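Trainee: Just dropping this structure here.
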Protein chains: 2
Amino acid sequence: MSALPPPLDPPRRTLLGPGPSEVAPSVLLAMAKPTLGHLDPRFLEIMDQIGDMLRALFGTANPLTLPMSGTGSAGMETVMVNLLQPGDRALVGVNGVFGARMAEVARRCGAEVVELTGEWGRALAPEDFRAAAAAGRFQVMALVHAETSTGVLQPMDGMRTVADECGALLVADCVTSLGGTPVQLDAWGVDAAYSGSQKCLSCPPGLAPVSFSPRAVETLRGRRVPVQSWYLDLNLIASYWGGERAYHHTAPVNMLYALHEAARLALTEGLEARAARHFRHGRALAAGLEALGLSLRVPEAERLPQLTAVSIPDGLADVPARRFLLDEFGVEIGGGLGPMKGDTWRIGLMGAGCTRANVALCLAGIAAALERG
Amino acid sequence: MSALPPPLDPPRRTLLGPGPSEVAPSVLLAMAKPTLGHLDPRFLEIMDQIGDMLRALFGTANPLTLPMSGTGSAGMETVMVNLLQPGDRALVGVNGVFGARMAEVARRCGAEVVELTGEWGRALAPEDFRAAAAAGRFQVMALVHAETSTGVLQPMDGMRTVADECGALLVADCVTSLGGTPVQLDAWGVDAAYSGSQKCLSCPPGLAPVSFSPRAVETLRGRRVPVQSWYLDLNLIASYWGGERAYHHTAPVNMLYALHEAARLALTEGLEARAARHFRHGRALAAGLEALGLSLRVPEAERLPQLTAVSIPDGLADVPARRFLLDEFGVEIGGGLGPMKGDTWRIGLMGAGCTRANVALCLAGIAAALERG
């Protein structure tokens, strides 16, 4: 090649989009600690600590709880490829991009997918799932706990009952909820869940915490055909994270350092205090946006505090306005996805980025963008 | 959970196993720079620079050259899931763990796999592939350029001719070669290759550089059925790394910073100088091990300089001896894999860890282990 690029010098942004979120300095520093071998006895201790902390975050006692070596979407795929076999039926709630993605991933596993289509920007009810199931049997019933594309917080009450009625394992996408709003897999009766490191855990992107209930593990053990993905095959990976420490792939050691520190920070704050902080600042942002005359896309009762979807006012162009925010305020917010592209912004107040100062900064930037027109 | 773990304090090791390898301080520091959004205009420039540097490292002009968001094994799976469809035939050279893994991954794609089984610790010849092909047609002919399990460097001469004879795309595993020994995809006529960040690039584990020739891309575009992995589907990912910048998954931003710096260091050194350094120190280590009375597992002409497989002398127990090296010298070396487990050590001199000082340190440690018995 002609000329080598100079050393990296990324500008300092305030990340208030749908993720990656602001990363605490101690998490960045943890990531820069010297790399250990993936079978080093000291590293195995770190893995055990990460497993324990993820169980606390997920609200579960599931032994099979670990971070997959990929981003949140790899977590989604992990759940689907391990639990579904060709010909299985999956009932998937689709009221946003990530529900639609779950359905697509399930189809690529050879499953017959029944989609329960809901309004974008609204939650789904257990009765909706019951009606969509039409008294049929399913291997998996899947929903998105925190829809990153719309900012909807999905209530989990009653979902286990419907899953039981159709004989299904209950699957939840907790990518944007984990570490922000309460996640209680065991209390909810969720059998498999996945998340991402770069949302309310405030760790850089690159890891996907997952958790599987004993019942899900039984399914996994009893498969007729091998998991179609070797890389995501939990029958193999469990031997590395579990007792045998059998080599499967080389764990992303420094990313795991970052997750260790990020989980430690979350649990040191306390999950209740952390959820209260997200709730408080999320509500303040919503009130501020409404005071600026903007309309929110989700009714208050179904709104995610950590991710607020807001309509772009008529006459304001999406991309130039966001570029103005980035250039003049150093603030990143997100555009809309799918049918919301071009008419919606998504503003994240996640983890380390969820502060009173950032609410003020974001509102000041948006007010300036509106004034500028 | 009961008590939170203290902040991480990993010990300082000298990583002389089969990877992860020593990481240069500037790579660790690059990784700790502030996280950018995965669609930030500055981050998109960084991605372009990474693509250019990977092309230089791979010796290719392939536009579709990028790091996958997973470890080396995800790179392997990326190649197989994108190029193979159910019922396709794959001819795979198996003379070590990673050849066997390629065959297994290909089978999980629904391919009919013909394995060319070779002796572990020896290279394969084009005639071997020709004989195994038995005048049949194949979609893919795959081999391991640098077998991390045995320390064999596979010559690439003549392989393209055999692949042409059986109508196959030529696939090479360059996990342990990239950045250490010369890789020349275009000159060799390789259609798809993958690597890992944590070997001779001396970056932490977590990324898998891949490269696909225009012919491989044509295959990809013309698939009858969708790629079974949504996460690794290059038809989708190319839209993010290419011109459209369409969101697919959240790129592992800080890991990509590390790869940017690691690639920059490799190209600043120069690939010829870097290969010469690996050759020189690898030969010195081999000579030193033989001087200690140990037997190498691979004949000199087929030996990888950056990874040396050596027989554990009779009477010396594998695990306690490696633990002694770790505890007393801070040196990590690797055990054997598969049939070589328990009777072979694998010593890596990769990237930043490939120094005269580390040759001396490693030999001193092994001499002490032998003396201790």
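Trainee: Test A:Leu292 against the stated conditions and say whether it is in contact (Cβ under 8 Å) with a residue 40 or more places away in the chain, farther than 29 Å from A:Ser26 by Cα and over 21 Å from the mean Cα position of the chain (by Cα).
Mentor: yes
Trainee: I would also like to ask the following. Pick out the one residue from B:Asp173, B:Asp191 that is in contact with a Lys or Arg (Cβ under 8 Å, 6 or more places away or on another chain) and in contact (Cβ under 8 Å) with a residue 12 or more places away in the chain.
Mentor: B:Asp191
Trainee: Charged (D, E, K, R), outside any helix (DSSP H, G or I) and under 22 Å from B:Gln198 (Cβ atoms) - does that describe any residue in the stretch B:291-303?
Mentor: yes
Trainee: Now for a separate question. Quick check on the stretch A:185-239: of everything there that is in a loop (DSSP other than H, G, I, E, B) and of a type in the set (D, E, K, R), which residue is farthest from the other protein chains (Cβ to nearest Cβ)?
Mentor: Filtering first and then ranking leaves A:Asp191.
Trainee: Next question, about the same structure. Which numbered condition in (1) surrounded by fewer than 22 Cβ atoms within 10 Å (Cβ to Cβ); (2) of a type in the set (Asp, Glu); (3) assigned by TED's automatic domain parsing to the domain that holds B:Ser211 is the only one that B:Asp9 fails?
Mentor: Of the numbered conditions (1) surrounded by fewer than 22 Cβ atoms within 10 Å (Cβ to Cβ); (2) of a type in the set (Asp, Glu); (3) assigned by TED's automatic domain parsing to the domain that holds B:Ser211, the odd one out for B:Asp9 is (3).
Trainee: Which of the residues that make up the stretch A:38-51 are free of Cβ contacts under 8 Å to residues at least 60 places away in the same chain, in contact with a helix residue (DSSP H, G or I) (Cβ under 9 Å, 6 or more places away or on another chain) and at the interface with chain B (Cβ under 7 Å from one of its Cβ atoms)?
Mentor: A:Asp40 - this is the single residue of the stretch A:38-51 that is free of Cβ contacts under 8 Å to residues at least 60 places away in the same chain, in contact with a helix residue (DSSP H, G or I) (Cβ under 9 Å, 6 or more places away or on another chain) and at the interface with chain B (Cβ under 7 Å from one of its Cβ atoms).
Trainee: Tell me, please, whether a residue that is farther than 30 Å from B:Gly373 by Cα, of a type in the set (Lys, Arg) and in the same structural domain as B:Gly59 (by TED's automatic domain parsing) can be found in the stretch B:277-299.
Mentor: No: the stretch B:277-299 contains no residue that is farther than 30 Å from B:Gly373 by Cα, of a type in the set (Lys, Arg) and in the same structural domain as B:Gly59 (by TED's automatic domain parsing).
Trainee: When A:Gly75 is evaluated against the numbered criteria (1) in contact with a strand residue (DSSP E or B) (Cβ under 6 Å, 6 or more places away or on another chain); (2) facing chain B (nearest Cβ under 7 Å); (3) in a helix (DSSP H, G or I), which criterion, by number, is the only one it fails?
Mentor: Here A:Gly75 meets the rest and fails (2).
Trainee: Please specify each residue of the stretch B:72-103 satisfying the condition of being closer than 17 Å to B:Thr176 by Cβ and polar (S, T, N, Q).
Mentor: Matches in the stretch B:72-103: B:Ser73, B:Asn95.
Trainee: Go through the stretch B:78-93 and give me each residue that's buried (at least 24 other Cβ atoms within 10 Å of the Cβ) and over 15 Å from the mean Cα position of the chain (by Cα).
Mentor: Those that are buried (at least 24 other Cβ atoms within 10 Å of the Cβ) and over 15 Å from the mean Cα position of the chain (by Cα): B:Met80, B:Val81, B:Asn82, B:Leu83, B:Leu84, B:Ala90, B:Leu91, B:Val92, B:Gly93.
Trainee: Restricting to the stretch A:33-61, name every residue that is touching a Leu at 6+ places or on another chain (Cβ under 7 Å), over 13 Å from A:Ala251 (Cβ atoms) and not in a helix (DSSP H, G or I).
Mentor: Listed by number, the residues that qualify are A:Lys33, A:Gly59, A:Thr60.
Trainee: State all residues of the stretch A:291-315 that are among the hydrophobic types (A, V, I, L, M, F, W, C) and buried (at least 16 other Cβ atoms within 10 Å of the Cβ); if no residue qualifies, say none.
Mentor: A:Leu294, A:Leu296, A:Val298, A:Leu304, A:Leu307, A:Ala309, A:Val310, A:Ile312
Trainee: Here's a follow-up. Among A:Gly110, A:Gly99, A:Gly75, which is the only one that is in contact with a Pro (Cβ under 8 Å, 6 or more places away or on another chain) and surrounded by 24 or more Cβ atoms within 10 Å (Cβ to Cβ)?
Mentor: Of A:Gly110, A:Gly99, A:Gly75, the one residue that is in contact with a Pro (Cβ under 8 Å, 6 or more places away or on another chain) and surrounded by 24 or more Cβ atoms within 10 Å (Cβ to Cβ) is A:Gly75.
Trainee: In the list A:Glu147, A:Glu115, which residue meets the criterion of being farther than 18 Å from B:Tyr231 by Cα, surrounded by fewer than 24 Cβ atoms within 10 Å (Cβ to Cβ) and among the acidic types (Asp, Glu)?
Mentor: Criteria check complete, one pass: A:Glu115.
Trainee: Of the conditions (1) more than 22 Å from the chain's Cα centre (by Cα); (2) at pLDDT 95 or above; (3) aromatic (Phe, Trp, Tyr), A:Trp188 clears all except one; give me its number.
Mentor: If we test A:Trp188 against (1) more than 22 Å from the chain's Cα centre (by Cα); (2) at pLDDT 95 or above; (3) aromatic (Phe, Trp, Tyr), just (1) comes out false.
Trainee: Read through the list (1) in contact with a strand residue (DSSP E or B) (Cβ under 9 Å, 6 or more places away or on another chain); (2) outside the structural domain of A:Gly348 (by TED's automatic domain parsing), then give the number of the only condition that A:Ala262 fails.
Mentor: (1)
Trainee: Here's something else I'd like to know. Of the numbered conditions (1) in a loop (DSSP other than H, G, I, E, B); (2) within 19 Å of A:Val23 (Cα to Cα), A:Arg274 satisfies every one except a single condition; which is it?
Mentor: (1)
Trainee: Scan the stretch A:313-348 for residues that are in contact with a strand residue (DSSP E or B) (Cβ under 6 Å, 6 or more places away or on another chain), of a type in the set (A, V, I, L, M) and outside any helix (DSSP H, G or I) and jot them down.
Mentor: Result: A:Val331, A:Ile333, A:Ile347.
Trainee: For the stretch B:78-95, give me the residue count where each residue is more than 14 Å from every other protein chain (Cβ to nearest Cβ), touching a residue at least 40 places away in the same chain (Cβ under 8 Å) and closer than 18 Å to B:Glu119 by Cα.
Mentor: 3
Trainee: Output yes when any residue across the stretch A:18-28 is of a type outside the set (Gly, Ala, Ser) and farther than 17 Å from A:Pro204 by Cα, and no when none is.
Mentor: No, because not a single residue in the stretch A:18-28 is of a type outside the set (Gly, Ala, Ser) and farther than 17 Å from A:Pro204 by Cα.
Trainee: Hey, can you tell me all the residues within the stretch B:1-37 that are facing chain A (nearest Cβ under 7 Å) and among the charged types (D, E, K, R)?
Mentor: Residues satisfying the conditions are B:Arg12, B:Arg13, B:Lys33.
The values are calculated or read from the model by the stated rules, or taken from the named source; none is laboratory data. Just so it is clear, the model here is predicted, and its values are computed rather than measured. Cβ sites come from the backbone with ideal geometry, for glycine too, and all protein chains shown count toward neighbours.
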